[in-house]
1. Expressed as an acute angle from 0 to 90° and rounded to the nearest 10, what is the orientation of the C-alpha long axis of helix 249-260 relative to the principal long axis of the chain?
2. Limiting things to C-alpha atoms, what are the Rg and the maximum Cα-Cα separation (Dmax) for the range 122-169, in angstroms?
3. Ordered by packing density, taken as the mean number of other Cβ atoms within 10 Å over each peptide's residues, highest first, how do 22-30, 58-66, 128-136, 171-179 rank?
4. Tell me the per residue accessible area of the range 90-229 using a 1.4 Å probe; a whole number in Å² is fine.
5. I'd like the Karplus ³J(HN,Hα) series for the range 124-130: coefficients 6.51, -1.76, 1.60, θ = phi - 60°, whole numbers in Hz, and an x wherever there's a Gly or Pro.
6. Amide H neighbours of Ala121 under 5 Å, counting only residues 5+ apart in sequence or on other chains, H built in-plane at 1.01 Å?
7. Can you sort Ile256, Ile267 by 1.4 Å-probe accessible area, starting with the largest?
8. With a 1.4 Å probe and all protein chains left in place, how much of the accessible area of the chain comes from carbon and sulfur atoms, in whole percent?
Amino acid sequence: MKAVVCEKYGTPEVLHVVEADKPAPKDNEVLVKVMATTANAADARIRGAVFPSIFNFPVKLAMGFKGPRKKVLGVELAGVIEAVGKNVRHYHVGDEVFASSGAAFGAYAEYCCLPENAVMATKPQNMSFEEAAAVPHCALAALHYLKKGNVDTGQKVMIYGASGGIGTYAVQIAKAFGAKVTGVCSTANVELVKALGADEVIDYSREALSKENTTYDVIFDTIGKAPITACVNLLEEGGMYLSAVHLELSRILEGIKLSVKSSKKVIGGVAPYTSENLNFLKSLIEEGKLKAAIDKTFSLEQIREAHAYVDTGHKKGHVVLKVNRNN
């Protein structure tokens, strides 16, 4: 089979397409023929060893110091189950699935083995493989943080980075929860964020948050770049500032300081992924309340070009990689 390997950290040029042995599922695993995966910002950060300074050592201790120990990256996928281990009961050959491979990676290949209890579900019937592949990683993160913020009907929610991978889902999920949503993005992405259902859109290149008059129950920073002080000042008492990205130490300390001084909360941390939440997202998709915003699509052989595009920081939503043909 074809697979993309990353032998060392660096630019997209460190990624190589090679011929590898097709894996065989263990007794508790399924073998998925990968139809599509994504060039995700998480994969790009790992490939480039782009970690906040305070996390650099622990992340490399876990991942590998000179390069990823797990050479085949890829954190999410959609495909067809081709074989199952003898102890697998829930899935069957021919099932169309979408999944987060998470820290196990492995989605940058024509075939991938996943345990039956992986964060996996049958694919929504109203989504293509390319669309479904772009759901697990970012949509699960968006759902986790919005639940953490107790987003509910009638609340005012700001999504900072509303046109990004997590942000495009956060806008839609918050709307599905009944919130009034304000999206923050650049000029080029205003129309996209409106199309996703945002009630209001702030162009951060034209309007400074410090000059906003509206207050919010929840402000969700999906990219880790929102000005924390300005955001906390815009929160109602008891409101929450949520960050989906590991922050630099200076921003963490600033958030703690602001939290101590008021009833407002600054919340971050790692988002746990579950099959239960993935099935909840599937229900939203099948109800027409959630869709994937696909920016560009590349082939697996174009992995370097796809990662180079992600590295520009200007992608809208998701960058998809077609892996196998659906025939």
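The values are calculated or read from the model by the stated rules, or taken from the named source; none is laboratory data. Worth saying up front: this structure is predicted, and the values here are computed from it rather than measured. Cβ atoms come from the backbone with ideal geometry, glycine included; neighbour counts cover every protein chain shown. Ligands, DNA and RNA are excluded from the accessible area calculation, which covers all protein heavy atoms including side chains. Shrake-Rupley method; radii C 1.70, N 1.55, O 1.52, S 1.80 Å.
1. Helix 249-260 sits at roughly 50 degrees to that axis.
2. Computed over the Cα atoms of the range 122-169, radius of gyration and Dmax are 12.5, 34 Å.
3. The densest-packed peptide leads the list: 128-136, 171-179, 22-30, 58-66.
4. I get 36 Å² per residue for this part.
5. x, 5, 8, 10, 6, 4, 5
6. Phe98
7. Ile256, Ile267
8. The nonpolar share, carbon plus sulfur, comes to 52 percent.
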